[in-house]
1. Compute the signed sum of charges (Lys and Arg +1, Asp and Glu -1) over the other residues within less than 10 Å, Cβ to Cβ, of H153.
2. Enter the mean projected area of the convex hull around the alpha-carbon atoms of the stretch 46-146, in nm², rounded to one decimal.
3. With the full set of protein chains in place, find how many percent of the accessible area of the chain is carbon and sulfur; take the probe as 1.4 Å.
4. Can you work out the base-10 log of I(q)/I(0) for the stretch 38-81 at q = 0.15, 0.17, 0.20 1/Å, using the Debye formula on its C-alpha atoms alone?
5. Near N112, within a Cβ-to-Cβ distance under 15 Å, what is the net charge of the other residues, with Lys and Arg +1 and Asp and Glu -1?
6. About its Cα centre, what dipole magnitude does the chain give when the only charges are +1 on Lys and Arg Cβ and -1 on Asp and Glu Cβ, stated in debye to the nearest 20?
7. Can you give me the distance in nm between label points at E120 and E147, each placed 7 Å from the Cα along the Cα-to-Cβ direction?
8. What does the accessible area per residue of the chain come to in Å², with a 1.4 Å probe and no ligands, DNA or RNA counted?
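The values are calculated or read from the model by the stated rules, or taken from the named source; none is laboratory data. As the structure is a computational prediction, the values presented were derived from the model and not from experiment. When we count neighbours, we look across all protein chains shown, and the Cβ atoms used for this are built from the backbone with ideal geometry, even at glycine. Keep in mind that these areas ignore ligands, DNA and RNA; they rest on the heavy atoms of the full protein, side chains included. Shrake-Rupley method; radii C 1.70, N 1.55, O 1.52, S 1.80 Å.
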Amino acid sequence: LLPLLSPLGPPPPLDLGVGVRHNRGERAAEQLARRHRLIEHWLIRTLGLGWAEVHEEADKLEHSVSDELTERISESLGHPATCPHGLPIPGNYPETDIAQLFSLANVKEGANVRIVRLSEPAEEDVELLRYFEDKQLVPGRTMTAREVTPSGHMVMELDGATVVVDNHVASNLWVMDA
């Protein structure tokens, strides 16, 4: 049934009289995401863990950190707007540029783009994170689309080096015009 509905977009929200619980649940999810993403930063900056490995460690720690410690971590890090993978940290992120983001898979030949964030599913894929780190396909990096092949692969120029990106990699990177 769901595949039949998906072309129509998401169904309208149902009012089941649980709005208060929904809002509370949403706040709890935002607080959990905030703790998780701040812990990722802390693990990299303070303990020197690898960029690709911090997600799994943050998963283990996020339920053990109090709100007070979360705030102290944020303060000690200078209240970063995003996690190391570019995902917004609730409470720290200026929501102004979200409309400007698009998937690298949609970049046209000749475009200059800046990597802003990874997709959330990419954070769960350690091998993909290692690939991003190895190729320097990380938030803040600027690159140029030199060619889009008939098979959909993209030939990108990054700091004078050529990086070939397939659709799977491209669809997990969110960029904006540089």
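1. Working: positive: none; negative: E147, D166.
That sum, taken over residues with Cβ under 10 Å, equals -2.
2. 7.4
3. Carbon and sulfur together cover 55 percent of it.
4. -0.33, -0.43, -0.59
5. That works out to -1.
6. That gives a dipole near 280 debye.
7. Spacing of the two 7 Å Cα→Cβ label points: 3.7 nm.
8. Result: 59 Å² per residue.
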